[in-house]
1. Could you please find all residues in segment 77-96 being closer than 16 Å to residue 109 by Cα and either within 22 Å of the chain's Cα centre (by Cα) or free of Cβ contacts under 8 Å to residues at least 40 places away in the same chain (or both)?
2. Go through (1) farther than 30 Å from residue 318 by Cβ; (2) not in a loop (DSSP other than H, G, I, E, B) and name the single condition residue 177 misses.
3. Of the conditions (1) at pLDDT below 95; (2) in a helix (DSSP H, G or I); (3) surrounded by 13 or more Cβ atoms within 10 Å (Cβ to Cβ), residue 24 satisfies every one except a single condition; which number is it?
4. Give segment 183-207 a look and list any residue that's modelled with pLDDT under 95 and surrounded by fewer than 22 Cβ atoms within 10 Å (Cβ to Cβ), or say none.
5. I'm trying to understand the selection: among the residues of segment 274-288, which are crowded, with 22+ Cβ neighbours inside 10 Å and over 13 Å from the mean Cα position of the chain (by Cα)?
6. Identify, please: which residue in segment 289-311 is at pLDDT 95 or above and under 23 Å from residue 168 (Cβ atoms) and is, among those, surrounded by the most Cβ atoms within 10 Å (Cβ to Cβ)?
7. Looking only at segment 99-116, how many residues end up being under 28 Å from residue 216 (Cβ atoms) and outside any loop (DSSP other than H, G, I, E, B)?
8. Could you list all residues from segment 131-168 that are touching a residue at least 40 places away in the same chain (Cβ under 8 Å), under 19 Å from residue 363 (Cα atoms) and assigned to a loop (DSSP other than H, G, I, E, B)?
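The values are calculated or read from the model by the stated rules, or taken from the named source; none is laboratory data. What you are looking at is a predicted structure, and each value in this text was computed from that prediction instead of being measured. All Cβ positions, glycine included, derive from the backbone under ideal geometry; neighbour counts span all protein chains shown.
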């Protein structure tokens with residue numbers, strides 16, 4: 001094992017509290033850690049050696065409008081919060097080029113966080129019937145930096161709430177970008193249509209049906225969109241954050257899928273498809289995202305197989321600032337669906353290359369067709 005990796009793993013082991021019953025468990029005791037960073041209401045990051053856990057928790061509740069129904073619930077959430085402070089410290093040691101600390105999810109256990117905010121079915125990706133296996137594209141003339149936000153192809157950051165519908169936001173983001181490339185018009189599309197109406201399944205995978213707030217897969221959602229003719233605008237079919245009766249109106253279709261493809265597992269090919277065809281719908285292992293505040297995340301340990309969250313790649317940069325001995329790192333620019341009060345105004349930066357956190361394992365690109373030229377599709 002490399003000396004640097006060994007030192008960080010050793011630090012991880014030494015810092016792991018003996019009172020934790022299991023990974024992610026609630027701590028029985030807490031020693032104030034001066035390196036925990038608290039984000040206060042004006043957005044300034046403050047490190048104060050005199051702050052105690054109670055004050056951290058008070059700032060957290062004020063910042064994110066947290067209230068609890070009973071004293072027992074308050075005390076339980078405070079215990080979880082203290083455990084997450086320690087977890088953020090461990091994450092900081094193992095992901096030093098990012099900043100980890102208090103986020104709006106700091107009163108949730110990892111299990112609660114996964115259940116409410118992650119919604120990508122944990123299945124090995126299989127290609128649906130109407131998806132194509134994308135051919136390799138030339139990569140010799142790729143720009144050094146690229147960002148679809150600068151070109152008007154990305155809608156504002158949305159918020160899925162406590163609903164495991166991330167897969168629907170990743171899907172709409174990819175189609176929004178493809179529709180923009182096809183028509184020059186940026187339209188915010190309806191995630192709620194997918195949550196309510198899409199129950200597409202992969203017949204080769206048990207348990208892989210799209211299921212609203214209980215999870216789904218982007219390629220299933222694209223298959224559904226292709227079959228029914230398209231998606232409505234968000235304003236015509238607004239997001240509620242919970243599943244309901246399907247109210248899809250074909251006469252209000254705003255964007256249609258021509259086809260979609262599975263991109264080769266390769267960083268340069270992903271960049272090429274991003275530049276040519278628009279933002280990419282991708283799966284990711286989100287284990288580091290609960291405590292993420294900003295910077296370029298390059299964790300020393302992150303599963304490439306256990307993908308549990310769906311996001312949207314909108315660009316990439318050749319290098320991002322990294323402190324101390326760590327060199328500048330190329331990174332993906334990732335649009336998330338947890339609102340603008342998470343991460344860097346709703347965005348995540350993740351190291352590019354080496355399939356970090358499985359980001360290159362489940363990648364889909366979409367081609368849109370103008371609605372006026374799309375044939376009528378029957379049920």
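1. Applying the first criterion (closer than 16 Å to residue 109 by Cα) to segment 77-96 yields 77-91.
Passing the criteria: 77, 78, 81, 84, 85, 87, 88, 89, 90, 91.
2. (1)
3. (2)
4. 199, 201, 202, 203, 204, 205, 206, 207
5. The answer is 274, 278, 279.
6. Ranking the candidates gives 310 first.
7. Start the filter on segment 99-116 by keeping residues that are under 28 Å from residue 216 (Cβ atoms), which leaves 103-116.
Those still in the list that are outside any loop (DSSP other than H, G, I, E, B) too: 110-116.
Residues in segment 99-116 being under 28 Å from residue 216 (Cβ atoms) and outside any loop (DSSP other than H, G, I, E, B): 7 in total.
8. 134, 136, 137, 138, 139, 142, 153, 154, 165
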